[in-house]
1. Which residues, counting only those in the stretch 76-87, are surrounded by 12 or more Cβ atoms within 10 Å (Cβ to Cβ) and free of Cβ contacts under 8 Å to residues at least 60 places away in the same chain?
2. Which members of the stretch 22-31 meet the condition of being closer than 14 Å to Trp45 by Cα and exposed (fewer than 13 other Cβ atoms within 10 Å of the Cβ)?
3. Given the criteria touching a Pro at 6+ places or on another chain (Cβ under 6 Å), over 18 Å from Val11 (Cβ atoms) and either exposed (fewer than 14 other Cβ atoms within 10 Å of the Cβ) or touching a residue at least 12 places away in the same chain (Cβ under 8 Å) (or both), does Ala157 qualify?
4. For Val19, indicate whether it is without any contact (Cβ under 8 Å) to a residue 60 or more places away in the chain, surrounded by 12 or more Cβ atoms within 10 Å (Cβ to Cβ) and closer than 19 Å to Phe132 by Cβ.
5. I'd like the full set of residues that are outside any helix (DSSP H, G or I) and either modelled with pLDDT of 95 or more or touching a Gly at 6+ places or on another chain (Cβ under 9 Å) (or both), limited to the stretch 15-47.
6. If you take the residues in the stretch 70-90 that are among the polar types (S, T, N, Q) and in a helix (DSSP H, G or I), which one is nearest to Ile153 (Cα to Cα)?
7. Within the stretch 95-150, track down each residue that is under 15 Å from Glu48 (Cβ atoms), over 14 Å from the mean Cα position of the chain (by Cα) and among the aromatic types (Phe, Trp, Tyr).
8. Just one of Ala62, Ala50, Ala73 is at pLDDT 95 or above, under 17 Å from the mean Cα position of the chain (by Cα) and either among the hydrophobic types (A, V, I, L, M, F, W, C) or crowded, with 16+ Cβ neighbours inside 10 Å (or both); which is it?
Amino acid sequence: MGVLNKLSDIVNTLVEYVVAILMGLMTIVVFVQVIFRLAAGSLPWSEELARYMMIYLVYLGASVGVKYGNHIAVEFLSTMLPKKGQDILEVLVDLLMLLCFAVIIYYGFKVVNVTMMQKSPAMQLKMGYIYFSLVLGGGLMFLQGTIDLIKTIARIAGKEGACEQ
């Protein structure tokens, strides 16, 4: 379990740094765009770059949310169940999340392949690189979700083992 926690922490720390850098760069790009609009005219690439940074920021940031369990959840049903039912529901929810992440990855790859020949209007970037954020974010969410599922199952198994002794 220690290796999984360490892996999760390392990946998450790296992602948090990347998200912070993206946020800072996006802020600078938008600020420079505003200044240029007032002084010398528009920078045609700045809005596009800010948009693409935001897309990566969202998908990378979502994996941080998965690690910490910060995504929105409806706990009404869970609170009405007995502890064993809550544990089962938690495992089912984790499995459903993993399924959703797998779908994001699968279709993300399909979209990347289809859009690799398209270029963005202002920056002329291959759009497949932009849509790769789906695959990267989905993969990171799948990793964090898998680690969370393993920890949940270990916690439940440990609890049941402690009850049997």
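1. Result: Ser78, Leu81, Gly85, Gln86.
2. Once the filter is applied, which keeps residues that are closer than 14 Å to Trp45 by Cα and exposed (fewer than 13 other Cβ atoms within 10 Å of the Cβ), the stretch 22-31 yields Ile28, Phe31.
3. When the stated conditions are applied, Ala157 does not pass them.
4. yes
5. Residues satisfying the conditions do not exist here.
6. Per the criteria, the residue is Gln86.
7. Tyr129
8. Only one candidate passes the filter, namely Ala62.
The values are calculated or read from the model by the stated rules, or taken from the named source; none is laboratory data. Please read all numbers here as calculations on a predicted model, not as lab measurements. Don't worry about glycine lacking a Cβ; one is built from the backbone with ideal geometry, like all the others, and counts go over all protein chains shown.
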